[in-house]
Amino acid sequence: MTLQAKLTLGSVLLATLIVTLVSGVDLANLMQLQFNFTLEHGELVKRAATEVVTVTLNRPRQPSGLAEALEHGHKTDPLRPLFTVERTDGTKEATVNLAIKRGVRAAWEYAQSGDIERARALTNKDVAPHLEFVDMGGHGYSVVTAAPEAIETEFVCIPRPISRAETPDGGPIRYRVVHRATRWHGGKPVLEQRILEGDPKLSV
C-alpha cells in the first residue's frame with residue numbers, strides 16, 4: 001500500500017472517528033434535553049393537579065347527591081314524602097331509598113308513621129327485585145376484596161360531612177354493610193348481605 005493510500009485511509013478513519021464522537025455528544029445532549037423537558041412537564045402537571053385538588057377540597061360544600069338535592073327542592077310538592085321527610089326534631093330522612101327499593105306505598109307509610117316494619121310490610125316485590133341495597137344520600141367509601149372464588153364489597157357510610165371530623169378515629173360511622181357474591185357456577189346467583197355496624201334501615 002502506497003504512502004498516499006495510507007494517508008487517505010488514515011484521513012477517512014480519523015474523519016469517521018470525529019463524526020462518531022460528535023454524533024455521540026449530540027445524542028447525549030439531545031437525550032438530556034428530552035429528559036429535562038419531560039421533568040419540567042411532569043412538574044407542571046404535578047403543580048396543576050395539586051392546585052385543582054386544593055381548590056376542590058376547599059370549595060364550600062353544596063348538595064352533592066340526590067337525597068341532598070331533594071331536601072332543597074320541591075318543598076311544596078304533595079309527593080315530597082316519597083323522596084324525603086323532615087321530622088319534628090329536624091332530622092331528614094331519604095325516603096327515596098324506600099321508594100326505589102320497595103315502592104311508593106312503603107315510602108309513604110314510613111314518611112307518615114316512621115315505622116320501618118310497617119313500611120317494609122307494604123313492599124312491592126315487583127318494583128326492584130334486582131336491588132339489595134339503595135342509599136342515594138350516603139357518604140363514605142367502599143372496600144372491595146376480589147378473589148378467584150368470591151367478590152366482597154364493604155360500604156362504610158359516615159354522617160353527612162358538613163364539618164371536618166377532629167377525632168383521631170376519623171369521626172362516627174352511620175353503618176357498615178358487606179355484600180358478598182361467590183363465583184357463579186350456574187343456577188340463580190346469590191348475594192349475601194351482612195350488617196356489621198349501625199342501622200341502614202331505609203337502604204335494605
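Throughout, read-outs are computed from the coordinates displayed, never taken from laboratory work. No experiment lies behind these values; they were computed from the predicted model shown. Note: ideal-geometry Cβ built from the backbone for every residue, glycine included; neighbour counts use all protein chains shown.
Here is how the numbers come out for the structure above:
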item: Hz values of 3J(HN,Hα) by residue in segment 111-116 - Karplus curve (6.51, -1.76, 1.60), Gly and Pro given as x; result: 4, 7, 9, x, 9, 5
item: Lysines with Cα under 18 Å of Lys92, excluding same-chain neighbours fewer than 8 positions away; result: Lys75, Lys201
item: Label-point separation in nm, Arg87 to Gln32, each point 7 Å along Cα→Cβ; result: 7.1
item: FRET efficiency for Arg160 and Arg194, using Cβ-Cβ distance with R0 set to 22 Å, rounded to 0.05; result: 0.35
item: For His139, distant residues with modelled amide H under 5 Å away; result: Ile158
item: Proxy reagent accessibility, fewest Cβ within 10 Å first, across Tyr175, Tyr110, Tyr141; result: Tyr141, Tyr175, Tyr110
item: Neighbour-count ranking [beta-carbon atoms within 10 angstrom, fewest first] of Leu202, Leu82; result: Leu82, Leu202
item: Trypsin sites (Lys or Arg not before Pro) restricted to segment 115-204 and DSSP loop, no more than 14 other C-beta within 10 Å; result: Lys125, Arg164, Arg183
